[in-house]
1. Exactly one condition in (1) at pLDDT 95 or above; (2) outside any loop (DSSP other than H, G, I, E, B); (3) in contact with a strand residue (DSSP E or B) (Cβ under 7 Å, 6 or more places away or on another chain) is not met by residue 487; state its number.
2. Which of the residues belonging to segment 189-203 are buried (at least 16 other Cβ atoms within 10 Å of the Cβ) and outside any helix (DSSP H, G or I)?
3. Quick check: anything in segment 71-90 within 29 Å of the chain's Cα centre (by Cα) and either more than 21 Å from residue 4 (Cα to Cα) or surrounded by fewer than 19 Cβ atoms within 10 Å (Cβ to Cβ) (or both)?
4. If the requirement is being within 28 Å of residue 273 (Cβ to Cβ), crowded, with 16+ Cβ neighbours inside 10 Å, modelled with pLDDT of 95 or more and in contact with a helix residue (DSSP H, G or I) (Cβ under 9 Å, 6 or more places away or on another chain), which of these qualifies: 336, 349?
5. Quick check on segment 360-368. Is at least one of its residues buried (at least 22 other Cβ atoms within 10 Å of the Cβ) and in contact with a helix residue (DSSP H, G or I) (Cβ under 8 Å, 6 or more places away or on another chain)?
6. Conditions first: (1) in contact with a helix residue (DSSP H, G or I) (Cβ under 8 Å, 6 or more places away or on another chain); (2) closer than 30 Å to residue 316 by Cβ. Residue 13 passes all but one, so which condition is the exception?
7. Looking only at segment 448-484, count every residue that is part of a loop (DSSP other than H, G, I, E, B), touching a strand residue (DSSP E or B) at 6+ places or on another chain (Cβ under 8 Å) and either at pLDDT below 95 or surrounded by fewer than 23 Cβ atoms within 10 Å (Cβ to Cβ) (or both) and tell me the total.
8. For segment 85-118, which residues satisfy the criterion of being at pLDDT below 95 and either touching a helix residue (DSSP H, G or I) at 6+ places or on another chain (Cβ under 7 Å) or within 30 Å of residue 199 (Cβ to Cβ) (or both)?
């Protein structure tokens, strides 16, 4: 089912049928233009011109019940008395964006009269609507500018993609294969509260549940997949015929079947719980992430869910999105850097070039040498984002980073890796991240930026903490303290 974004225009009957006819025609033209410029793979549909409280309530109830509706664009073409919006907006559960625009871009100086003023008063009507939404404490994005401007289209596209990610959360299933890595805190959390807040479910499965699917994979299927490996990756002939790669293919096929059988688009595993598997699912996880699955290592279901949402957001964009971990530092005064990697599982969507498929010892987990894709990442802007459970609320942390080329080759590092400089500096970013309770697992993306995460956090109604070039630790600490008070009051009000 293709998702839809409804375009809804506010007006009133005070101006007569001719004006309302013009309002509808203008709305269809604007929504059609937006539909042609949005890259997110949704249909922007003109829904209606709203002129009464009854119509608002019908609209909002219908949006809540329509699975295809991922969100609403509201625009007030004329003045639309906002008291008529109260009951409907109080019930509305779908995200919405307030587009503050007008049909005409310029004032027709020699022809403007009161008829024109009455028909084209978005400057008036949108402020009335905006007051009411703020009074209701409803989260939304406000975009200001002419509807044909590229910057308006770009911001709408970001919001639509965030709405699709949020919509994915409402029915996402996360399969937790095995349990959490023993004694680790940040990858744990309240799964009941998460389902209540976000909609996605997290359910545990024994590794034996997966092993049954792995054991059912036939040799002919494995040989077909090995030919795919040979065509998509650089690999030595001896690796192609190795038992490790053969078993990696078996695990991938079994894991795909297991996830499909359980309707899960996100999953976790842990190297401490591999009974029945010959190796840690490295290559399998990497290839599943390319296909849009969310993943979290060591039982990290929050990162798995967030990665799946980010994968939905970045569909069709370039740059890629991956599971990530801050692994080690290059401490060098004002130019300190972070080397990001994991034992095996980085998504090749972020690879700078054709990955190499290699087999090496893991040195942890006590299993056979696993196959993995090894690659680097090209320079450019990116973000790291982490969803953490603070006990009383969820917090989304984002650090803006600049990916840089390694100053030297890494001939002995047999895993995918990326080197970045965090904003505003490694020292300040790490201090702020630690003060903010940020996780060591993140969602790393070169395809989406902070604005996507900001829109997503607004839709989820959760705290957003951003570390960027403007971050100063003293102000950051105060910000955290102020947020403690705000969210305490906010959650109690709810």
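1. Failing condition for residue 487: (1).
2. 189, 199, 200, 201, 202
3. Yes, because at least one residue in segment 71-90 is within 29 Å of the chain's Cα centre (by Cα) and either more than 21 Å from residue 4 (Cα to Cα) or surrounded by fewer than 19 Cβ atoms within 10 Å (Cβ to Cβ) (or both).
4. Working: 336 fails: within 28 Å of residue 273 (Cβ to Cβ).
The conditions single out 349.
5. Taking segment 360-368 as the starting set, the residues that turn out to be buried (at least 22 other Cβ atoms within 10 Å of the Cβ) are none.
Checking segment 360-368: not a single residue is buried (at least 22 other Cβ atoms within 10 Å of the Cβ) and in contact with a helix residue (DSSP H, G or I) (Cβ under 8 Å, 6 or more places away or on another chain).
6. Unmet for residue 13, out of (1) in contact with a helix residue (DSSP H, G or I) (Cβ under 8 Å, 6 or more places away or on another chain); (2) closer than 30 Å to residue 316 by Cβ: (2).
7. Within segment 448-484, the subset part of a loop (DSSP other than H, G, I, E, B) is 448-449, 461-462, 468-472.
Applying the additional criterion that residues be touching a strand residue (DSSP E or B) at 6+ places or on another chain (Cβ under 8 Å) yields 448-449, 462, 468-469.
Restricting the remaining residues to those that are either at pLDDT below 95 or surrounded by fewer than 23 Cβ atoms within 10 Å (Cβ to Cβ) (or both) gives 449, 462, 468-469.
The total comes to 4.
8. 118 - this is the single residue of segment 85-118 that is at pLDDT below 95 and either touching a helix residue (DSSP H, G or I) at 6+ places or on another chain (Cβ under 7 Å) or within 30 Å of residue 199 (Cβ to Cβ) (or both).
The values are calculated or read from the model by the stated rules, or taken from the named source; none is laboratory data. Just so we're clear, the structure is a prediction, and the values are computed from it rather than from any experiment. Note that each Cβ is placed from the backbone with ideal geometry, even for glycine, and that neighbours are counted across all protein chains shown.
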